[in-house]
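Derivation of every value follows stated rules applied to the coordinates shown; laboratory data play no part. Keep in mind that this is a model prediction, so the values were computed, not measured. Cβ atoms come from the backbone with ideal geometry, glycine included; neighbour counts cover every protein chain shown.
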Amino acid sequence: MFFLSFILIPDFAEALLNVLFPSEIDRLYSRAPLSELLLEHFLVVLISESLAVVLGCTLGIFVTRRGGKDYLPMVQSLASMAQTFPPTAVLALAIPLAGFGFKPVVLALFVYSCFPIISNTVSGLNSLSRDLVDASRGLGMTEWQILLKTELPLAAPVIVAGVRTSTIINIGTATIGAVAGAGGLGTVLMAGLIHDNGAYIFTGALCAALLAFFTDKAFALLDSRFRRLD
């Protein structure tokens with residue numbers, strides 16, 4: 001309720017900021033509604049994460065199949081190495097490729113999100129007991145049926161954990177997207193830093209933190225549901 005009130009009711013947000021930052025002349029960011037900036041932020045994360053889930057899971061499945069196992073060491077090495085690069089560096093490399101605006105931020109978040117998803121997909125599928133797979137094969141299931149009905153459901157908690165980690169990282173990293181002109185909650189943060197306005201900085205940071213918090217809670221509920229199904 002507090003989050004929604006802060007985002008959707010400007011009078012509520014302004015009253016809170018008046019108490020916290022009485023010395024600031026401009027307390028409430030007025031160039032764009034917070035709800036609009038939140039939606040921009042959410043869409044950047046949603047699009048990049050959705051693309052990363054499709055590619056990350058597909059690649060993770062491929063390298064755990066008989067025809068793709070030769071590529072497994074290479075993919076694991078790349079995934080481990082990529083995690084050593086900070087997200088801001090990936091964003092800096094994406095800007096020359098895609099220009100300023102929405103595209104480079106989506107590209108950077110997509111690239112950075114793929115690696116934890118690939119790693120967790122591989123870990124989840126490789127950790128399964130081969131007896132279960134052999135039992136499914138003994139029941140007459142095809143390889144696709146084994147994957148869809150046995151392997152993926154059992155590996156789902158580990159895969160979801162990777163998606164959860166990359167999503168939370170993306171929510172924070174997307175705030176830097178304002179530097180590339182992508183909008184979102186980072187716009188308020190950047191305005192606060194440029195004008196030395198603590199109220200703006202607090203607003204942007206609070207909204208991004210609460211978005212990450214509630215997203216994490218949603219993933220926790222999803223994870224508990226998968227574990228109950230197990």
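Descriptive notes on the structure:
- Result for the chain in a Gaussian network model with C-alpha springs under 10 Å: among F115, F202, F85, the largest mean-square fluctuation is at F85.
- Relative compactness, the stretch 86-177, computed as alpha-carbon Rg over 2.2 N^0.38 Å: 1.45
- Peptides ranked, highest mean first, by Cβ atoms within 10 Å: ranges 174-183, 7-16: 174-183, 7-16
- Computed over the stretch 34-229: relative contact order in percent, which uses C-alpha pairs under 8 Å that are six or more apart: 26
- Using a Förster distance of 30 Å, the FRET efficiency for L20-Q83 (Cβ separation, nearest 0.05): 0.25
- At an R0 of 22 angstrom, the distance between the Cβ atoms of K149 and S127 translates into a FRET efficiency of 0.80.
- A protection proxy built from the mean count of other Cβ atoms within 10 Å ranks the segments 73-83, 27-37, most packed first, as 27-37, 73-83.
- Extending 7 Å from Cα along the Cβ direction at D216 and again at H195 yields two label points whose distance is 3.0 nm.
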